Amino acid sequence: MSEVGCTAPDSTPVEGTKHNNQKTKNKKKKFWRTAEKVAVKKEDEARKGAVLPPKASQQFSANWKALQELLNQKKATTTTAQENGTTALNHNSKKKEKKQQIQSQGKPAKDQIVKDTKVRASKQTKADSVQPRTSAEKSGGETGEQKKGRDKKRTHGQITAERNNLKNKKRKTEEVVEHKPTEADIWFDDVDPDDIEAAVGADAADIARKRMGVKQSKPQELEKSLVKEHGFEGLTKAVAMDCEMVGVGQSGEDSIVARVSIVNHFGKCIYDKYVKPTEKVTDYRTAVSGIRPKDLKKGINVKIVQKEVADIIQGRILVGHAIHNDLKILFLDHPKRKIRDTQKYKPFKAIVKCGRPSLKLLSKNILNVKVQEGEHSSVQDAQATMKLYTSVKKHWEAEIKARHKGNNLAGKEGKGKRPTDH
């Protein structure tokens, strides 16, 4: 009994534990199955809700309405295209029927069409002759229909060009309408006329020049200011010379003479010749010299020019600006007491406040004349140097005479002195 009593209580709890474990397993299985079923039901409900359209009109979204409108438009376009296709087919079928009728009568279709067009053209001409002529036709101009036909034939480029021409014409008319400035408009003083010309215009600059007493720099005005109108045209005691050079050598830095010009005391040109180059010209310096290849083709030999120039200046006063350069380029020499160099004249230097003044600067400040604007002219430069000389001739020559007298007196005193006896 003791053995049974001991074993029985141990066996019963073992069976109870197994039973409990099976219950928990079944419960777990049932829980997962129910969770899966719930998820499947939710998915089915969601699908059914997405597929089915909303029943009330208020629930329609804007996108849904837009989509419906697009579908309606597509239907309308397809129907119109079908209708157009049917009308085109009907039209073509009618044309074919007409051609078949004409051919059945025994006449070719092309001839009949040509005749029809001729008849129409003749009717139109008669109608035009009966209609009254318009004012454009009476004046010899084009009618509106003709202009339209002509405009159709034009290309886009021609039309744009015509528009630009019209714009340019309008601008020209506006420029013509502009009023010229008067003296009252030019109220300011102490302004360079060149600056006025660049800013306002030539008319305003002319008014300013008149006020300031500055002579104009036009070729005709220059000739009047530099040349005496009824002066002697032959050789005089004083002559002015100027030369133009061109560049030779590899870089064109070396110079040779290309043109020689000489004027007399009154500014009249007595010698002006181009010189044939002795070397290949590499730089014509046209912007400054004004020399071009065609000028040197008609040039004279250098030796002939040298002899002719030497004969002209011999025994005469030679006037020039930096004249030593001109004599050097011609390989000539001249007595120093017979040379009048406007660049080295001290009173001119004092006026312009420059140690080596240019001919352009001297002409502007002393003569109120503009030279060397753009291409140079050896004739014009020689005339300017002569004008500078003649403007101070009396004073200049008096200084030279006084200087020579002082030198002569000093020389005589030196010769008259005798060594004293001791």
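The values are calculated or read from the model by the stated rules, or taken from the named source; none is laboratory data. The structure displayed is predicted, hence computed values, not measured ones. Positions of Cβ are generated from backbone atoms using ideal geometry, with glycine treated the same way; all protein chains shown enter the neighbour counts. Accessible surface areas use protein heavy atoms only, side chains included; no ligands, DNA or RNA. Shrake-Rupley method; radii C 1.70, N 1.55, O 1.52, S 1.80 Å.
Can you name the condition, by its number, that HIS376 falls short on among (1) surrounded by 13 or more Cβ atoms within 10 Å (Cβ to Cβ); (2) within 30 Å of ALA402 (Cβ to Cβ)?
(2)
Take the residues in segment 246-269 that are open to solvent by less than 40 Å² (accessible area, probe 1.4 Å) and assigned to a loop (DSSP other than H, G, I, E, B), then tell me which one is nearest to LEU318 (Cα to Cα).
Per the criteria, the residue is ASN264.
Taking ILE291, is it within 20 Å of SER378 (Cβ to Cβ) and either in a loop (DSSP other than H, G, I, E, B) or polar (S, T, N, Q) (or both)?
Spelling it out, ILE291 is indeed within 20 Å of SER378 (Cβ to Cβ) and either in a loop (DSSP other than H, G, I, E, B) or polar (S, T, N, Q) (or both).
Only one of these conditions is not met by LYS218: (1) in contact with a Phe, Trp or Tyr (Cβ under 7 Å, 6 or more places away or on another chain); (2) at pLDDT below 95. Which number is it?
Exception for LYS218: condition (1).
Assess whether VAL371 counts as being part of a loop (DSSP other than H, G, I, E, B), open to solvent by less than 40 Å² (accessible area, probe 1.4 Å) and of a type outside the set (Ser, Thr, Tyr).
Judged against the criteria, VAL371 is a match.
I'd like the residue in segment 270-299 that is at pLDDT 95 or above and more than 16 Å from VAL248 (Cβ to Cβ) and, out of all such residues, is least open to solvent (accessible area, probe 1.4 Å).
Here the answer is TYR271.
Pick from HIS334, HIS404, HIS395, HIS376: which is more than 40 Å from the chain's Cα centre (by Cα) and closer than 26 Å to ILE304 by Cβ?
HIS334
Only residues that are surrounded by fewer than 19 Cβ atoms within 10 Å (Cβ to Cβ) and either β-branched (Val, Ile, Thr) or closer than 17 Å to ASP272 by Cβ (or both): list them for segment 352-368, please.
Selection gives VAL352 alone.
Quick grid of which residues meet (1) under 23 Å from SER255 (Cα atoms); (2) open to solvent by 30 Å² or more (accessible area, probe 1.4 Å):
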position	(1), (2)
ILE312	no, no
GLY315	no, yes
LYS328	yes, yes
PHE331	yes, yes
LYS338	no, yes
THR342	yes, no
LYS346	no, yes
ALA350	no, yes
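Consider HIS324 against the criteria (1) touching a strand residue (DSSP E or B) at 6+ places or on another chain (Cβ under 9 Å); (2) in a helix (DSSP H, G or I); (3) closer than 18 Å to ALA238 by Cβ; (4) touching a residue at least 40 places away in the same chain (Cβ under 8 Å): it satisfies all of them except one. Which criterion is unmet?
In the conditions (1) touching a strand residue (DSSP E or B) at 6+ places or on another chain (Cβ under 9 Å); (2) in a helix (DSSP H, G or I); (3) closer than 18 Å to ALA238 by Cβ; (4) touching a residue at least 40 places away in the same chain (Cβ under 8 Å), HIS324 misses (4) alone.
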